[in-house]
Amino acid sequence: MKKEILPSLLLSLVCLVFFCGVYPAIVWGIGQFADGKGKGVTIKGANGKVYYENIAQKFTDDKYFWSRPSAVDYNAAGSGGSNKGPNNPEYLAVVQARIDTFVVHNPGVKRSDIPSDLVTASGSGLDPHISVQGAMVQVQRVAKVRGIEISTVTKIVEQNVEQPLAGLFGPKRVNVLKLNIDLDKLAAK
């Protein structure tokens with residue numbers, strides 16, 4: 001038994017030093033090369049407020065493009081999905097309510113034209129992006145409420161389309177926060 005105690009204590013000490021000191025230092029060092037130096041990427045709004053551009057924000061006013069729904073109410077302190085399957089009656093009722101709300105606020109849009117990302121929450125509940133189709137289906141509402149030409153709003157959407165990573169990974173997408181900030185900047189002019 002004495003033969004096992006010393007190696008066990010030594011292994012515990014090595015693991016403690018590595019996982020509590022060396023490994024976090026390596027991760028921190030790598031983070032220094034990322035945008036925002038590992039502290040998140042921020043963007044300043046038209047009102048001067050600073051937002052994290054990689055965390056979804058809640059937009060429900062008709063003058064803004066709506067974000068993807070969030071199962072955690074956009075609370076970045078704890079991300080997560082609803083954990084309900086696609087056949088769960090409660091989940092289906094929530095999705096149906098989102099569809100009904102969207103149709104009320106976007107008259108003229110058929111239910112079949114609403115992309116799934118506008119009525120289903122992402123796995124983290126904090127996805128800051130929507131599909132290009134998800135943005136385009138909202139253009140008419142935003143243009144009407146803001147009193148801007150549809151072509152102007154469409155152009156702003158097109159300017160905010162982000163390409164897939166390395167041109168290969170993932171679909172084209174639109175960061176809703178950046179898009180809405182650009183709309184507010186246009187309104188401020």
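Tabulated results
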| item | result |
| --- | --- |
| Number of the exception - Tyr74 against (1) at positive phi; (2) of a type in the set (Ser, Thr, Tyr); (3) in contact with a strand residue (DSSP E or B) (Cβ under 9 Å, 6 or more places away or on another chain) | (3) |
| Matching entry among Lys58, Lys39, Lys49 (being under 14 Å from the mean Cα position of the chain (by Cα) and exposed (fewer than 15 other Cβ atoms within 10 Å of the Cβ)) | Lys58 |
| Matching residues, the range 102-118, being more than 18 Å from Val174 (Cα to Cα) and among the small types (Gly, Ala, Ser) | Gly108, Ser112 |
| Single condition Trp66 does not satisfy, out of (1) assigned to a loop (DSSP other than H, G, I, E, B); (2) among the hydrophobic types (A, V, I, L, M, F, W, C); (3) not assigned by TED's automatic domain parsing to the domain that holds Gln163 | (3) |
| Test for Phe18: is it modelled with pLDDT of 90 or more and not β-branched (Val, Ile, Thr) | yes |
| Of all residues in the range 96-129 being more than 17 Å from Ala56 (Cβ to Cβ) and of a type in the set (S, T, N, Q), the one that is surrounded by the fewest Cβ atoms within 10 Å (Cβ to Cβ) | Ser112 |
| Selected residue (criterion: surrounded by the fewest Cβ atoms within 10 Å (Cβ to Cβ)) from residues of the range 61-95 that are modelled with pLDDT under 90 and of a type in the set (D, E, K, R) | Asp73 |
| Residue count for the range 5-57, restricted to those that are within 23 Å of Leu126 (Cβ to Cβ) and assigned to a helix (DSSP H, G or I) | 8 |
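The values are calculated or read from the model by the stated rules, or taken from the named source; none is laboratory data. The structure displayed is predicted, hence computed values, not measured ones. A quick note on method: Cβ atoms are made from the backbone with ideal geometry, for glycine too, and the neighbour counts reach across all protein chains shown.
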